[in-house]
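Okay, structure first, notes after.
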Amino acid sequence: SAVYVARVVQQCMLPALHRRSRRWDSYAVLWEPLFSMVPVLNCIGNHEIEEAFISAEITPKSSQFGYSYNYPFQAYAARYPAPGTPPAELGDIGPSLWYRTVLGGAATLLTLNNYVPFHPGSEQHAWAARALASVRRADTPWLIVQFHAAPYHSYAEHYKEAECFMAVYEDMFYEAGVDVVIGGHVHAYERTHPVYRYSRDACAPMYVTVGDGGNIEGPVRHFVDDVDPATGRTYCEGLTSDTNKLSPIQIEDSEDPHVRASWGPVSQTQVHEPGCPSTSFQPGSSVDGRPPLMQHGAAADGSPLGFCQAGQPEWSAYRDPSFGIAMLTLTGEHTATLEWWRNGSSGGKGGAEDGGGQDSTGGGPEDRVELSRAPQCALTAAQRRVRLAEMQRRR
């Protein structure tokens, strides 16, 4: 039988280069020995947005991007064209906003962009729906999605910033049978079990946060359930939106659709359609069974709902607030291995609900998991829609 091997490494690699074109070039020179030897499949992040002193505007209704009239990602597009960009369009932002490519004949990779319009009716949403529906699993058994923001993680920084985006796309990922979703943004590492709407589900994607490639400020160090020594409360209880300094509860309770869509930084919320749900509250699901944090409302059974978990969530398989590198190896049509190595031994707190890996001083990866595409999950799109409807009725 055929054995497919592909490796995907996705990190927050591009530095904060906005408005500093010389640094874009010096950075590329630094990485040229590697970039000249391996494929580099980037996705646009918040630091690639450029709006000052140029013709650039991003709103929920922005529909056209291109040089000379609206080019907020021009420095990025000029240096990192998407695979398959026609020669006549090299340097233009249009083809690089989102794209599709095939990895080693084994996987289809879809790259999305959570910093430009993504709601139903947008060009990106229509493209993503067509791309997900057209994947032939007989040709490329694995389906991987990447975008910059990290949807599922338990760090205090950038916590739940992708809720509005996921309100639009999570059902689409589930229905299409996406296997792995890769994100960055959070400068640390976390891997989930297959998860759908904050509950473990064997047929849902595994989400991997690999924003751990390096940052001048150092790695993110605090989980939402850690206690802030400055206040004596958990970091969760001190969270407010970067956009308007409102708490998640204030945003959730607001009747103003613009406020309801305001959780997160301006780089994210500027493309939120009014009313898009940007906050969410879940029942307690920490591995140690404690009730959730920042409680608000109750589930159907009367149990409290919370904005964060009081410990490592049940859907979180491994988390480590350190710099490192991840490797996803597709070993066959139904099997793969994900491994993560910490840079040196930086003293990360770790936290592996399912056992995790080895200490970095032993030479092996800190986290390693064997992936297997379960036969019962090999459903048609129609069957997945039925399963999805059943799940939503039960909720």
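The values are calculated or read from the model by the stated rules, or taken from the named source; none is laboratory data. Since the model is a prediction, treat every value here as computed from it, not as a measurement. Neighbour counts run over all protein chains shown; Cβ positions are idealised from the backbone, glycine included. We work out accessible area using only protein heavy atoms, side chains counted, and drop any ligands, DNA or RNA first. Shrake-Rupley method; radii C 1.70, N 1.55, O 1.52, S 1.80 Å.
With the whole protein complex present, H187 retains an accessible surface near 20 Å², based on a 1.4 Å probe.
With θ taken as phi - 60° and the Karplus curve 6.51 cos²θ - 1.76 cosθ + 1.60 applied, the whole-hertz 3J(HN,Hα) list for the range 331-344 is 9, x, 5, 10, 10, 7, 10, 10, 10, 9, 10, 6, 5, x Hz, x standing for glycine and proline.
Counting only heavy atoms of the protein chains and using a 1.4 Å probe, S68 has close to 80 Å² of accessible surface.
For the pair F53 and R130, a Förster radius of 41 Å applied to the C-beta separation gives a FRET efficiency near 0.70, rounded to the nearest 0.05. Distance between the pseudo-spin-label points of T335 and Q383 (7 Å out from Cα toward the beta carbon): 2.3 nm.
Spatially, the range 292-323 and the range 86-140 are offset by 32 Å when compared through their Cα centroids. Which loop trypsin sites (Lys or Arg not before Pro) in the range 199-278, with loop taken from DSSP, have no more than 14 other Cβ atoms within 10 angstrom of their Cβ? Passing both the DSSP loop test and the Cβ count: R233, K245. Sorting H222, H193 by accessible area puts them as H222, H193; the probe is 1.4 Å, largest comes first, and only protein heavy atoms count.
Are there GluC sites (Glu not before Pro) in the range 174-234 that DSSP puts in a loop and that have at most 12 other Cβ atoms within 10 Å, and which ones?
Working: sites: E175, E190, E217; in loops: E217.
Sites meeting the loop and neighbour criteria: E217.
What the phi angles of the range 279-296 give under the Karplus curve with 6.51, -1.76 and 1.60, with θ = phi - 60°, is a coupling list of 10, 8, 10, 10, x, x, 8, 6, 5, 9, x, 6, x, x, 9, 6, 5, 7 Hz, glycine and proline written as x.
Once backbone amide H atoms are built at 1.01 Å from N, D228 has R233, T234, Y235 as its partners under 5 Å, excluding neighbours fewer than 5 places away on the same chain. Computed packing ranks the peptides 35-43, 143-151 as 143-151, 35-43, most packed first, by mean other Cβ atoms within 10 Å.
Among 163-170, 311-318, what's the highest-first ranking by average C-beta atoms within 10 angstrom per residue?
Going by the mean number of other Cβ atoms within 10 Å, highest first, we get 311-318, 163-170.
Leaving ligands, DNA and RNA out of it, rank L371, L328 by accessible area with a 1.4 Å probe, largest first. Could the numbers behind the result be given before it?
Numbers: L371 30, L328 5 Å².
Descending order: L371, L328.
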